[in-house]
């Protein structure tokens with residue numbers, strides 16, 4: 001019986017697929033949550049829910065995505081994760097909307113193209129009377145983990161053999177007991193259209209393992225906070241006064257520490273959230289890809305005036321476990337990422353597709369693009385609709401569709417003889433396409449017997465469009481985002497686990513990001529927000545920050 005088949009299929013676990021080099025913690029967390037790992041020898045190529053990899057997906061992966069599947073990268077997310085691309089986008093936004101908002105990234109030059117401009121700026125500073133020459137930092141544009149970084153003050157020390165970015169080095173960082181630190185902030189974008197941004201409350205505070213010293217610019221253990229470097233330093237395992245062993249704290253510990261010295265950590269974090277929003281606006285919108293999400297790692301440095309600076313944005317932030325703090329932060333982070341995707345609302349699409357094939361019928365989710373779509377042929381609707389941002393009026397129907405508000409389309413009867421006892425989705429699909437045609441009367445009788453109450457079958461063209469493996473079918477994409485929208489108020493869920501929604505932050509920002517991204521309107525709303533975030537009460541910073549910056 002078809003109903004029995006449906007019951008069995010609803011018990012199917014969620015399936016994850018991992019690419020090589022994905023950290024073991026990802027597999028462990030998904031297994032802990034009751035998921036099963038994809039086995040290409042035993043399962044059909046489309047029988048998975050989540051595909052996770054460290055590197056970008058091919059465009060063919062995005063084009064062939066199915067409604068129940070998610071990829072952990074957006075196409076072209078490298079626009080902000082490669083250092084030279086990020087610098088260009090931020091420079092463009094600064095020119096369009098002013099430096100008042102976009103003065104959170106150090107002045108940057110992309111080499112070798114900007115060499116003349118850099119020399120002009122360098123010479124101008126050198127010739128300024130009474131002005132101390134700046135320090136500069138040179139970084140390869142597409143390397144991570146602190147590789148290839150050079151800090152210099154004299155241009156004669158600048159050497160590079162690949163594309164690099166040269167920025168002003170922040171020579172007055174906030175220090176705790178003399179040690180430099182920065183923040184690794186986790187940001188999850190569940191949609192670029194409409195833009196939906198969550199930041200994780202907990203994160204990593206990463207320390208250099210030797211005391212900050214501008215007289216030794218070549219000492220990577222004093223100037224770089226990358227764990228991949230500092231864990232090999234002689235001081236890594238030693239107890240460091242005010243810091244402890246290792247080189248990491250949690251955000252919670254840092255915020256408690258700052259409060260002891262009268263620092264308003266709430267205002268500080270508001271400024272950091274503003275940086276995240278403004279940075280992502282610089283690359284919005286990315287190509288439409290409603291079946292994706294992205295976990296970014298924002299690296300933020302705080303100077304001794306408590307101004308946050310954006311250092312870079314990391315693609316596939318490191319999830320390896322180097323210490324107990326990593327375990328505490330990253331394991332829960334991954335659990336909350338899965339919670340944020342809310343798979344319990346969308347897996348019905350995969351289950352119903354499998355049940356439909358096994359039960360002798362096809363389940364097709366209906367498009368939710370708008371009222372005018374109802375006049376189209378139902379069977380062609382999912383193949384012809386192009387993925388786009390949905391308006392508020394389409395959200396509720398989308399949620400209903402994701403939970404089973406779908407149409408059952410009768411198909412041709414199965415062969416009674418099977419060549420093999422087990423069939424994958426692909427083999428059964430191919431078998432159906434090769435089934436000899438029966439007379440219309442016999443076909444109608446068989447359909448009505450299998451599905452009591454089934455009415456008229458769709459036109460022949462509609463049946464072919466659902467079954468034929470044409471590019472149109474492969475390019476089917478969801479037109480809704482049921483995995484992060486609230487059923488109650490049709491807005492992004494404000495909090496999921498440790499993730500807190502930071503955009504949209506009010507109704508005007510929500511409306512400006514719905515039907516395309518009205519960047520100008522959003523910038524106006526952010527300007528209003530920043531003006532309200534007045535500095536905290538005057539603090540005796542000279543006296544209190546001495547404890548933080550003591551050498």
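Out of the residues in the range 483-507 that are touching a helix residue (DSSP H, G or I) at 6+ places or on another chain (Cβ under 6 Å) and either more than 12 Å from residue 198 (Cβ to Cβ) or assigned to a loop (DSSP other than H, G, I, E, B) (or both), which is modelled with the highest pLDDT?
498
Which pairs do you get when a residue that is over 16 Å from residue 320 (Cα atoms), found in the range 18-35, comes within reach of a residue that is outside any helix (DSSP H, G or I), reach meaning Cβ atoms under 7 angstrom, with the pair 6+ apart or on two chains?
Taking only residues 6 or more apart or on different chains, the pairs are 34/13; 35/13; 35/14; 35/15; 35/16.
Outside any helix (DSSP H, G or I) and touching a residue at least 12 places away in the same chain (Cβ under 8 Å): which single residue out of 92, 145, 88, 131 fits that description?
145
For the structure I just gave you, tell me whether residue 331 is free of Cβ contacts under 8 Å to residues at least 12 places away in the same chain and part of a helix (DSSP H, G or I). Spell out the reasoning first.
Numbers: free of Cβ contacts under 8 Å to residues at least 12 places away in the same chain: no; part of a helix (DSSP H, G or I): yes.
For residue 331, the condition - free of Cβ contacts under 8 Å to residues at least 12 places away in the same chain and part of a helix (DSSP H, G or I) - is not met.
State all residues of the range 306-316 that are modelled with pLDDT under 95 and not in a strand (DSSP E or B); if no residue qualifies, say none.
Residue satisfying the conditions is 316 alone.
Tally time: how many residues in the range 175-224 are in a loop (DSSP other than H, G, I, E, B) and surrounded by fewer than 23 Cβ atoms within 10 Å (Cβ to Cβ)?
Step one: filter the range 175-224 for residues in a loop (DSSP other than H, G, I, E, B), giving 177-178, 193-194, 201-203, 208-219, 224.
In the following step, the residues that additionally are surrounded by fewer than 23 Cβ atoms within 10 Å (Cβ to Cβ) were identified as 177-178, 193, 201-202, 210-219, 224.
The number of residues fulfilling the criteria is 16.
Given the structure, is residue 107 touching a strand residue (DSSP E or B) at 6+ places or on another chain (Cβ under 6 Å) and surrounded by fewer than 19 Cβ atoms within 10 Å (Cβ to Cβ)?
On the way: touching a strand residue (DSSP E or B) at 6+ places or on another chain (Cβ under 6 Å): yes; surrounded by fewer than 19 Cβ atoms within 10 Å (Cβ to Cβ): yes.
Against the criterion (touching a strand residue (DSSP E or B) at 6+ places or on another chain (Cβ under 6 Å) and surrounded by fewer than 19 Cβ atoms within 10 Å (Cβ to Cβ)), residue 107 qualifies.
Which one of the conditions (1) under 24 Å from residue 53 (Cα atoms); (2) touching a strand residue (DSSP E or B) at 6+ places or on another chain (Cβ under 8 Å); (3) surrounded by fewer than 22 Cβ atoms within 10 Å (Cβ to Cβ) does residue 301 fail to meet, given that it meets all the rest?
Against the list (1) under 24 Å from residue 53 (Cα atoms); (2) touching a strand residue (DSSP E or B) at 6+ places or on another chain (Cβ under 8 Å); (3) surrounded by fewer than 22 Cβ atoms within 10 Å (Cβ to Cβ), residue 301 comes up short only on (1).
Can we say residue 97 is within 25 Å of residue 300 (Cβ to Cβ) and crowded, with 20+ Cβ neighbours inside 10 Å? Full working, then the answer.
Working: within 25 Å of residue 300 (Cβ to Cβ): yes; crowded, with 20+ Cβ neighbours inside 10 Å: no.
Criteria not met by residue 97.
Would you pick out the residues in the range 158-174 that are part of a loop (DSSP other than H, G, I, E, B) and under 25 Å from residue 294 (Cα atoms)?
Filtering the range 158-174 down to residues part of a loop (DSSP other than H, G, I, E, B) leaves 158-163, 169-172, 174.
Answer for the range 158-174, where residues must be part of a loop (DSSP other than H, G, I, E, B) and under 25 Å from residue 294 (Cα atoms): there is none.
Checking residue 81 against (1) under 17 Å from the mean Cα position of the chain (by Cα); (2) closer than 22 Å to residue 137 by Cα; (3) surrounded by fewer than 20 Cβ atoms within 10 Å (Cβ to Cβ), which single condition isn't satisfied?
All conditions pass for residue 81, except number (3).
Has the range 239-256 got at least one residue that is touching a residue at least 12 places away in the same chain (Cβ under 8 Å), touching a helix residue (DSSP H, G or I) at 6+ places or on another chain (Cβ under 7 Å), over 29 Å from residue 188 (Cα atoms) and not in a helix (DSSP H, G or I)?
no
If you go through the range 264-282 one residue at a time, how many are farther than 24 Å from residue 336 by Cβ and surrounded by fewer than 21 Cβ atoms within 10 Å (Cβ to Cβ)?
2
Considering only the range 267-286, state which residues are in contact with a helix residue (DSSP H, G or I) (Cβ under 9 Å, 6 or more places away or on another chain) and either part of a helix (DSSP H, G or I) or closer than 17 Å to residue 207 by Cα (or both). I'd like the intermediate steps shown before the answer.
In the first step, residues of the range 267-286 are kept if they are in contact with a helix residue (DSSP H, G or I) (Cβ under 9 Å, 6 or more places away or on another chain); the result is 268-271, 274, 277-284, 286.
Across the range 267-286, the qualifying residues are 268, 269, 270, 271, 274, 277, 278, 279, 280, 281.
Considering only residues that are under 30 Å from residue 106 (Cα atoms) and part of a helix (DSSP H, G or I), which ones fall in the range 27-84?
Here is the first cut: in the range 27-84, the residues under 30 Å from residue 106 (Cα atoms) are 54-56, 72-84.
Once the filter is applied, which keeps residues that are under 30 Å from residue 106 (Cα atoms) and part of a helix (DSSP H, G or I), the range 27-84 yields 78, 79, 80, 81, 83, 84.
The values are calculated or read from the model by the stated rules, or taken from the named source; none is laboratory data. These numbers were taken from a predicted model, which means no experiment stands behind them. For neighbour counting, all protein chains shown are included, and Cβ atoms are generated from backbone atoms with ideal geometry for every residue, glycine included.
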